[in-house]
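No lab work stands behind these numbers, since they all come straight from the coordinates. Everything numeric here is computed off the predicted structure, so don't read it as measured data. Note that we place each Cβ from the backbone using ideal geometry, even for glycine, and neighbour counts take in every protein chain shown.
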Amino acid sequence: MASSVTDLLAKAPESTPQTQVTLGGKVIAITGANRGIGLGIAECCLSNGATKVYSIDIGETGEDFAALSKRYPGQLFAVVANVTEESTISAAIDKIIEEAGALHGMVVNAGRTNHKAALDFTQEDIETLFNVNLFGAFYTARAAARAFIKLGIKGSIVFTASMASYRPNKRVPSTPYGASKAGVRNMTHTLAMEWAQYGIRVNSVSPGLVKTAMTYWVPQQPDWEQQLKYYGGFPRLAEVQELGGAYVYLLSEAASYTTSIDIPVNGVIGIFEIQKYEMGEENG
C-alpha cells in the first residue's frame, strides 16, 4: 500500500541538516580562478574551510595567485584547461579527483566580456563570447555532473551569471554578453531540474559592478559620480571578495535544499530598474 502524504512528511531526512555555512572537508574547483573574480571566490572558499581549491584556467597564474597560495600552503592549485573544449575540462577534473580524492563543488566562472554597439560586433567577437560564456559553461557543468554521479557525491554547481542577464547597462551595452549570461541563468534552472534526481544542486550568482582588471575604466569616467547618483545603491564597485559569501553558501551543506536560484550581488545598484523591467512597468 502506498504511503500517505503524512507518512512521507513524517520520515526523517537522510542526514541531519547542516546549520553552519562552512566548506570544511570540501574540494572545490573554479574555472577562471587564476585572477579576478575567480581568485576572490577561491580566497573565500579557503577562508571558509575548503580543504583544497583548484583553479581551472587556460592562462598563467600571477602574483595575486602566488600570494594567496602562500597564505594557504598546500591548498590552492592550478590546472590548465580550455573551457571551450569539453575533453580538456574532463581531463582537468579527472586530475583533481586523482590528486584530491574527490570533488564536491564546481564554480563555473570563466568568462569573457566585450562592450560595444551591436552593429560593431564582428562574427569572431560574438563567437568568442558565446564559446566561453555559454558553451564553455555548459561543458564545464556537464563534466562536473558526470564526475559527481560517478563518485556518488551530491555535488554543487554554481554559475557566475551577471546583472547584465536581467537587463542591459544603458551606458555600456553588450548584446552578445548579456545574451550569453541570460543563457547561463536559464541553464541554471534547467540543469537544476534535470540533475535533482542525482542530488546535484545547480545555482548561480549575478555580480554587478566589480573591481577587476576588466573594469578599471568604470570609475575613471568623467561623469562617474553622476552615474552613481542615477543608479543609487552603494557608491562604489564591489571588491572581488565581497561576492564570495554567496558562492560559499551555495557550495555549502547549509544550502542542501537550495537549487535553481540566482543570487544578485549588486549593492542595490539598478535594482529598482530591474524590478520595473520584470513587472513590465518600463517601455524599454
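Go ahead and run the numbers for FRET between TYR257 and ARG146, Cβ-Cβ distance against an R0 of 35 Å, rounding to 0.05. The computed FRET efficiency comes out at 0.90. Classify region 115-182 as rounded, prolate or oblate, taking a ≥ b ≥ c as the square roots of the eigenvalues of its Cα gyration tensor: rounded when a/c is under 1.5, otherwise prolate if a/b is larger than b/c and oblate if not. The shape class here is oblate.
For region 50-200, treating each Cα as an identical point scatterer without solvent, what Debye log10 I(q)/I(0) comes out at q = 0.10, 0.16, 0.18 1/Å? Normalising to I(0) and taking log10 leaves -0.40, -0.94, -1.11. For a label point 7 Å from the Cα of TYR198 along Cα→C-beta, name the residues of region 137-157 whose backbone N is under 13 Å from it. Answer for this model: 139-157. Shape class of region 23-118 from the alpha-carbon gyration tensor: oblate, with a/c at 1.5 or above and b/c at least as large as a/b. A straight line joining the Cα centroids of region 177-204 and region 92-156 runs 12 Å.
Packing around the peptides 140-147, 183-190, taken as the average count of other Cβ atoms within 10 Å per residue, puts them in this order, highest first: 140-147, 183-190.
Take each peptide in 32-41, 84-93, 53-62, count the other Cβ atoms within 10 Å of every residue, and average; sorted highest first, the result is 32-41, 53-62, 84-93.
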